[in-house]
């Protein structure tokens, strides 16, 4: 059994005493949709199973963390409520909620079909799920989405809204438990934490209007968040976990990149103009200095360098598939005599550069604010 899973007997007891309802007071949301044979609730840990989770108790054993006494069934809404507010929802209060709910609920033992469905969709029990084509497909789809999300994240091309929504969707997907992944999202999605492989890796994402900061931590040591090899190592370990614990072979998507570019705008002196309406206009692009460095281990071919002001492209430089070897830098001045770059907007002025490779991959700079 995986160190983060509970036994089938424990799950059966938990659902038998739930009345098929969320344990949160006055909530009637079902835990299992019997009409569609679908799991709709979440098995919540009162004391977190991972060191970075809410109400974690370092003195608990793995068996105690996944025991009946430490588990409570809730709908996705109230699962988020109790984990986002650990001051109000202490261990003592959750134990009281659990006792009250289980003592008042109508007890009914779920059928073996329901229990098997729960184990397949929620915990990935080895005996139940091995050689299940549907689960194999779900594993691969989740892995694909996680892989692309992490790579696009460190390339810097994701908006804060996309990050918020993707992290939320990953958190709602029960398949994450196969990968020993837990997710925390707070402050309207601006602060996100993805705990991978039972705490072996921690990815912290903070998204603000001026940009996104990322930390990748392994055993309390911060890794280079711009190095694709770190992400590829995480993915390789997840592949091994699924193979060893569940017997499924999942593949890293073939279009995952293995290079990283650092892009910067050296000349940060745009021409600003006032007008009668009280706005200011910005002219950027007659002449600016750019620098692109290949931080990866493979050759790349630079197709275009593109400058954006907000969401609008104001400059495009054809780089004619220039080859850039690992560790090498391409830099220069771009000058355009007849440029239409006077755009009336309110400050602050947010500039971003990105490079489009011959392979159509895009690599983005940090946001540059004037």
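Laboratory data are not the source of any read-out in this text; all were calculated from the coordinates shown. The model shown is predicted, which means the values in this text are computed figures rather than measured ones. Note: ideal-geometry Cβ built from the backbone for every residue, glycine included; neighbour counts use all protein chains shown.
Given labels modelled 7 Å from the Cα in the Cβ direction, how far is it in nm from residue 157 to residue 295?
So the label points at residue 157 and residue 295 sit 1.6 nm apart.
Which order do the peptides 64-72, 212-220 take when ranked by the mean count of other beta-carbon atoms within 10 Å per residue, highest first?
64-72, 212-220
Can you pull the one-decimal nm distance between simple spin-label points at residue 320 and residue 218, each 7 Å off the Cα toward Cβ?
Reported label-point gap for residue 320 and residue 218 is 4.1 nm.
In nm, what is the difference between 0.36 nm times the number of residues separating residue 85 and residue 52 and their Cα-Cα distance? Don't skip to the answer; put the middle values down first.
On the way: separation 33, 0.36 × 33 = 11.88 nm, distance 1.45 nm.
Going from the current span to full extension adds 10.4 nm.
Among 75, 22, 27, rank each residue by its count of other Cβ atoms within 10 Å, from fewest to most, as a rough exposure measure. Intermediate results must be reported in sequence, preceding the final value.
Working: 75 21, 22 26, 27 14.
Ranked by crowding around the Cβ, least crowded first: 27, 75, 22.
Going 7 Å from the Cα of residue 29 in the Cα-to-Cβ direction, what parts of the range 75-106 have a backbone nitrogen less than 11 Å from that spot?
75-82
Please arrange 301, 179 by counting, for each residue, the other beta carbons lying within 10 Å of its beta carbon, fewest first.
301, 179
Using the beta-carbon distance between residue 333 and residue 356 and R0 = 22 Å, what value does 1/(1 + (r/R0)^6) give for FRET efficiency, to the nearest 0.05?
The pair residue 333/residue 356 has a calculated efficiency of 0.65.
How many nm is it between the label spots at residue 60 and residue 77, if each spot is 7 Å from the Cα in line with the beta carbon?
Spacing of the two 7 Å Cα→Cβ label points: 2.6 nm.
What percent do you get for the relative contact order of the range 133-246 when only Cα pairs under 8 Å and 6+ apart count?
Taking the mean separation of contacting Cα pairs over the length of the range 133-246, I get 19 percent.
Order by neighbour count: 74, 172, 319, fewest other Cβ atoms within 10 Å first, most last.
Result, fewest neighbours first: 172, 319, 74.
Go ahead and run the numbers for FRET between residue 173 and residue 313, Cβ-Cβ distance against an R0 of 45 Å, rounding to 0.05.
0.85
Using 0.36 nm times the number of residues separating residue 252 and residue 134, minus their current alpha carbon distance, what extension gain do you get?
Answer, rounded to one decimal: 40.6 nm.
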